[in-house]
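> The structure under discussion is supplied below as structure tokens; questions concerning it will follow.
The values are calculated or read from the model by the stated rules, or taken from the named source; none is laboratory data. Note that the structure is a prediction, hence the values are computed from the model and not measured. Counting neighbours? That spans all protein chains shown, and the Cβs are built from the backbone with ideal geometry, glycine included. Side chains are part of the model used for accessible areas, which takes the heavy atoms of the whole protein and leaves out ligands, DNA and RNA. Shrake-Rupley method; radii C 1.70, N 1.55, O 1.52, S 1.80 Å.
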Amino acid sequence: MTRKAREMRINVNGVELCVETFGNPADPPVLLVGVTMLSWPDELCAALAGRYVVRYDLRDAGQSTFVDPDTPTYDLRDLVTDASELLVALDLGRTHVVGMGVGGFIAQLLALDHPDQVASLTLVSTRPVAPGPVDPDLPDHAPEMMEKLFGRPKPDWTDRNSVVDYMTSSARLMSGSRGFNEQDVRAAAGSVFDRAGRTAKAQRASHLGSMFAAIDCQPRWRQRLGEITAPTLVIHGDEDPFFPHRNGVVLAAEIPGATLLTLSGIGQGVPRVTWPAVVDALLRHTS
């Protein structure tokens, strides 16, 4: 079955989200939160056998409702409500929630504001504070990486090859010494391009999650991490230059009973080389 055939459009919170599922609905449900559903590669989703895996596009990304990611009329809590209402619409009951990068902000707040819906929480390559200045005890984006990332020419966001090249060089900067797989990165960037709208705004939002720089993320939630009751697993690369490793260490320290899985030689995300360890940890955590 093609992805297009597997995708569903579900109305929640005044928007339409594009959703895809893997596995048997009778199995324990796992909600994967990224920017687009392709933040979570097909093969990784399929490897979570024995779980009913749900992934989706945030609003203003992928195939979900698209208005204007540069001047959004919603805030971070609306994205959390989207996820909460999606669990209800799919009749999932208590769900294992996994958030990566900025998707980790949504996952943390889902666990805090809708604790009855969250069976367990997994936070991947994320941090306990929103975009903008970090707390004094937290490391910010590595300056050298940011200089390289933003000091290069921007791609032509409407040209597939230009975007794939740009995203590949971004991944090279953020992958750590062990995480970069050019073939995977190019294929993933091409797939994201093919599913997003053809405007520069739509492409930038789907590839970079640029709406997070524009949405209101207040109020802060770090002070509330001690209220999280869901069993929590934190997964973080020790060479992550975007959300450096100490962010994961702090999340694991401030969420009661949380476990930290450090991925050695890895930067942002969960590249293929980490899948054996990550899948094993996720399956155990969601059992």
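> Return the residue satisfying two criteria in turn: it lies in the range 131-161 and is open to solvent by less than 30 Å² (accessible area, probe 1.4 Å) and in a helix (DSSP H, G or I), and of such residues it is modelled with the highest pLDDT.
The residue in question is Met145.
> Something else now. Of everything in the range 52-76, what is in contact with a Ser or Thr (Cβ under 6 Å, 6 or more places away or on another chain) and either acidic (Asp, Glu) or open to solvent by 10 Å² or more (accessible area, probe 1.4 Å) (or both)? Give them in sequence order.
Asp57, Arg59, Gly62
> Related question: Here's a check for you: in the range 172-191, which residue that is in contact (Cβ under 8 Å) with a residue 40 or more places away in the chain and open to solvent by less than 20 Å² (accessible area, probe 1.4 Å) is farthest from the chain's Cα centre (by Cα)?
Filtering the range 172-191 for residues that are in contact (Cβ under 8 Å) with a residue 40 or more places away in the chain and open to solvent by less than 20 Å² (accessible area, probe 1.4 Å), the one farthest from the chain's Cα centre (by Cα) comes out as Gly179.
Per-residue answers, yes or no, for (1) touching a Leu at 6+ places or on another chain (Cβ under 7 Å); (2) under 25 Å from Ala188 (Cα atoms); (3) among the acidic types (Asp, Glu):
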| position | (1), (2), (3) |
| --- | --- |
| Asp27 | no, no, yes |
| Leu31 | yes, yes, no |
| Ala49 | no, yes, no |
| Asp57 | yes, yes, yes |
| Val67 | no, yes, no |
| Ser84 | yes, no, no |
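> Is there any pair linking a residue in the range 17-33 that is within 15 Å of His96 (Cα to Cα) and open to solvent by 30 Å² or more (accessible area, probe 1.4 Å) to one that is of a type in the set (Asp, Glu) and in a loop (DSSP other than H, G, I, E, B), with Cβ under 9 Å and at least six apart or on different chains, and which?
Filtered contacts from the range 17-33: Pro25/Asp91.
> Leu260 versus (1) open to solvent by 60 Å² or more (accessible area, probe 1.4 Å); (2) in a helix (DSSP H, G or I): which is the lone unmet condition?
That leaves (2) as the condition not met.
> Here's a follow-up. Restricting attention to the range 142-158, report how many residues are within 16 Å of Ala196 (Cβ to Cβ) and out of contact with any helix residue (DSSP H, G or I) (no Cβ under 9 Å at 6 or more places or on another chain).
Going through the range 142-158 one residue at a time, the tally reaches 0.
> Additional query: So is Leu112 part of a helix (DSSP H, G or I), at pLDDT 95 or above and either within 29 Å of Asp216 (Cβ to Cβ) or of a type in the set (S, T, N, Q) (or both) or not?
yes
> Within the range 65-104, work out how many residues are among the small types (Gly, Ala, Ser), in a loop (DSSP other than H, G, I, E, B) and within 24 Å of Ile235 (Cα to Cα).
The number of residues fulfilling the criteria is 1.
> Additional query: Under 6 Å between Cβ atoms, at least 6 apart or on separate chains: pull out the pairs that start in the range 72-95 with a residue that is farther than 12 Å from Val12 by Cβ and end on any residue that is hydrophobic (A, V, I, L, M, F, W, C) and in a loop (DSSP other than H, G, I, E, B).
From the range 72-95, the pairs are Pro72/Ala214; Pro72/Ile215; Asp75/Ile215; Leu76/Ile215; Leu76/Cys217.
> Go over the candidates Ala281, Ala202 one by one and state the one that is outside any loop (DSSP other than H, G, I, E, B), in contact with a Phe, Trp or Tyr (Cβ under 8 Å, 6 or more places away or on another chain) and surrounded by fewer than 22 Cβ atoms within 10 Å (Cβ to Cβ).
Ala202
> Of all residues in the range 209-238, how many are assigned to a helix (DSSP H, G or I), open to solvent by 10 Å² or more (accessible area, probe 1.4 Å), more than 15 Å from Thr71 (Cα to Cα) and in contact (Cβ under 8 Å) with a residue 12 or more places away in the chain?
4
> Only one residue in Arg127, Arg77, Arg94 is of a type outside the set (Gly, Ala, Ser), under 20 Å from Val19 (Cα atoms) and under 18 Å from the mean Cα position of the chain (by Cα), so which one is that?
Arg77
> Could you identify the single residue in Lys148, Lys154 that is over 21 Å from Gly237 (Cβ atoms) and free of Cβ contacts under 8 Å to residues at least 60 places away in the same chain?
Selected residue: Lys154, the only one of Lys148, Lys154 that is over 21 Å from Gly237 (Cβ atoms) and free of Cβ contacts under 8 Å to residues at least 60 places away in the same chain.
> Moving on to the next point. Name the residues in the range 239-255 that are in a loop (DSSP other than H, G, I, E, B) and closer than 17 Å to Gly104 by Cα, would you?
If the condition is that a residue be in a loop (DSSP other than H, G, I, E, B) and closer than 17 Å to Gly104 by Cα, then Asp240, Pro241, Phe242, Phe243, Pro244, His245, Ile255 are the ones that fit.
> Just to be sure before I move on: is Ser169 touching a residue at least 12 places away in the same chain (Cβ under 8 Å) and under 30 Å from Thr286 (Cβ atoms) in the structure I sent?
So Ser169 does not fit the description; no.
> While we're looking at this one, here's another question. Assuming Ala5 fulfils every condition listed in (1) at pLDDT below 95; (2) within 17 Å of Gly93 (Cα to Cα) apart from one, which condition is it?
Answer for Ala5: the failing condition is (2).
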